[in-house]
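Novice: Sending over a structure as structure tokens; questions will come in a sec.
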Amino acid sequence: KAGVTQTPRYLIKTRGQQVTLSCSPISGHRSVSWYQQTPGQGLQFLFEYFSETQRNKGNFPGRFSGRQFSNSRSEMNVSTLELGDSALYLCASSFSGSGGTDTQYFGPGTRLTVL
Amino acid sequence: SQQGEEDPQALSIQEGENATMNCSYKTSINNLQWYRQNSGRGLVHLILIRSNEREKHSGRLRVTLDTSKKSSSLLITASRAADTASYFCASISNFGNEKLTFGTGTRLTIIP
């Protein structure tokens, strides 16, 4: 089985721009979660999607949004980029995300740099 | 905010020695998981221990869970250079919340 894929792997943007990151989960997985990793804040949960519905959301401003398509692929969007949005964005997929008993499989991440 | 705190923040040992990392968390959990991350890349799932389990083994890994102390430990035996990585504990609470809450991580360096 192919693993979780994320595109692009690296991205450089300037303040004020917007960016869209993509995640393709493992085939058959219906839950996709997004995390932000920074040296200062560590790994923080952004949101989780299951069957095209946002099921859970972390404490991030509304500039961070996401969606999931019928094939379970997910995108996250960050509008009006700030310098502090520079981070490694990780996507994880699991079969059902049910009760936390499913293992989450992570993609390699997208390294976003905001100048 | 992060729920877990890991100790130590960094650990350097000689190849062949055992490495122990500790994790503490704040709220009641459904399960606790350990992940490895190599140099800012994706996380690799290592092991999951449920709240009603006290110890679990997987190859050279041994995980313990003490829910009364809200703590867990990860032991890597007979360490290898390839074990050099950051290790994170992550928990899912009992409150119907599916998100993983990660600890601060331990940076492990194995000296050949």
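Since every read-out is calculated from the coordinates, none of them should be taken as a lab result. Note that this is a predicted model, so its numbers are computed, not measured. Please note: Cβ atoms are built from the backbone with ideal geometry, for glycine as well, and neighbour counts cover all protein chains shown.
Novice: Give the lysines whose C-alpha is closer than 24 Å to that of B:Lys26, dropping any in the same chain fewer than 8 places away, or say none.
Specialist: Correct list for B:Lys26: A:Lys57, B:Lys56, B:Lys69, B:Lys70, B:Lys99.
Novice: Taking the mean number of other Cβ atoms within 10 Å as a proxy for protection, how do you rank B:62-71, A:10-19 from highest to lowest?
Specialist: Details: B:62-71: 15.4, A:10-19: 12.5.
Descending packing order for the listed peptides: B:62-71, A:10-19.
Novice: Separation of the range A:25-56 and the range B:20-42 by C-alpha centroid, Å?
Specialist: Cα centroid of the range A:25-56 versus Cα centroid of the range B:20-42: 16 Å apart.
Novice: Roughly what percent of Cα-Cα pairs across the range B:26-112 reach past 17 Å?
Specialist: Working: 1780 of 3741 pairs.
Cα-Cα pairs of the range B:26-112 separated by over 17 Å account for 48 percent.
Novice: Percent of alpha carbon pairs in the protein assembly as shown separated by more than 32 Å? Please report the intermediate quantities before stating the final value.
Specialist: Working: 4531 of 25651 pairs.
Within the protein assembly as shown, distances greater than 32 Å cover 18 percent of Cα pairs.
Novice: Note the full-extension length gain between A:Lys13 and A:Ser86 as 0.36 nm times their separation in residues minus their Cα-Cα distance, in nm to one decimal. Working shown, then result.
Specialist: Numbers: separation 73, 0.36 × 73 = 26.28 nm, distance 0.92 nm.
My answer for the length gained is 25.4 nm.
Novice: Where in the range A:60-115 are there trypsin sites (Lys or Arg not before Pro) that are in a DSSP coil and have at most 13 other Cβ atoms within 10 angstrom of their Cβ?
Specialist: Within the range A:60-115, the qualifying trypsin sites (Lys or Arg not before Pro) (loop, at most 13 other Cβ atoms within 10 Å) are A:Arg63.
Novice: Using only Cα atoms, figure out Rg for chain A and give it as a multiple of 2.2 N^0.38 Å.
Specialist: Details: Rg = 13.3 Å, N = 115, 2.2 N^0.38 = 13.4 Å.
So the Cα radius of gyration is 1.00 times the expected 2.2 N^0.38 Å.
Novice: May I ask you to derive the FRET efficiency for B:Ser24 and A:Gln54 from their Cβ-Cβ distance with R0 = 30 Å, giving the value to the nearest 0.05? Intermediate results must be reported in sequence, preceding the final value.
Specialist: Numbers: r = 30 Å, r/R0 = 1.01.
E(calc), rounded to 0.05, equals 0.50.
Novice: Then there is this: In whole Hz, with x marking every Gly and Pro, tabulate ³J(HN,Hα) for the range A:32-45 from phi via Karplus 6.51 cos²θ - 1.76 cosθ + 1.60, θ = phi - 60°.
Specialist: 10, 10, 10, 9, 10, 10, 10, x, x, 9, x, 8, 10, 6
Novice: Full-extension gain between B:Ser68 and B:Asn38, please, as 0.36 nm times their residue separation minus the C-alpha to C-alpha distance.
Specialist: Working: separation 30, 0.36 × 30 = 10.80 nm, distance 3.15 nm.
Once the chain is fully extended between B:Ser68 and B:Asn38, it gains 7.6 nm.
Novice: Tell me which residues come under 5 Å, amide H to amide H, from B:Asn30 once H is placed; ignore anything under 5 positions away on its chain.
Specialist: B:Ile92, B:Ser93, B:Asn94
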